[in-house]
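This report refers to the structure that appears directly beneath it.
A short reminder: the numbers here are calculations on the coordinates, not readings from a lab. These numbers were taken from a predicted model, which means no experiment stands behind them. No Cβ is skipped: glycine too gets one built from the backbone with ideal geometry, and neighbour counts run over all protein chains shown.
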Amino acid sequence: MRTRTLRFGLYADEQGLVWVRGLVDEAAGARRARIVGETVARAFPGSGMTTADAYDHLAEQWGWENPGQSSGAREAVELRVDLACSLRTWRAVRKTVIRTWCPEGTAPHVRRVPWAAR
């Protein structure tokens with residue numbers, strides 16, 4: 001098995017990160033992928049770019065979806081989860097996580113944690 005990395009940009013506080021980690025853990029477990037590492041990054045090594053710069057649109061999205069509410073301790077980060085699995089399993093885990101975040105349908109909905117998949 002090869003190690004493959006899931007990367008998600010998030011605008012989350014600690015509770016939001018716990019929730020997202022749970023989604024990833026559940027999706028990985030259902031596909032028998034083994035989580036071998038995890039990082040919450042606030043910068044991109046070697047580029048001088050921060051996750052706040054890269055994912056600033058997520059903070060804006062949260063503001064539009066939650067007008068007048070304080071963002072509290074939320075910040076733009078990148079969650080990187082290393083999985084030991086096949087490419088097919090990696091794709092299935094990624095798809096499951098994204099589908100859980102953003103259910104199909106045209107009805108507008110507020111995201112608990114604004115996200116972007118990379």
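Under the criterion of Cα pairs below 8 Å and six or more residues apart, the relative contact order for the chain equals 49 percent.
Averaging 1/r across all pairs of distinct Cα atoms in region 2-117 and inverting the result yields a Kirkwood radius of 14.9 Å. The alpha carbon gyration tensor of region 16-82 gives principal lengths a ≥ b ≥ c with a/c of 1.5 or higher and a/b no greater than b/c, which makes the shape oblate. In region 2-117, with Lys and Arg counted as +1 and Asp and Glu as -1 at Cβ, which of these residues, L23, G48, A84, has the Cα nearest the positive end of the dipole, that is, farthest along it? Checking the options against the dipole of region 2-117, the answer is A84.
Counting neighbouring Cβ atoms within 10 Å and putting the fewest first, the residues C85, C102 line up as C102, C85.
Placing +1 on the Cβ of every Lys and Arg and -1 on the Cβ of every Asp and Glu, with no other charges, gives the chain a dipole of roughly 840 debye about its Cα centre.
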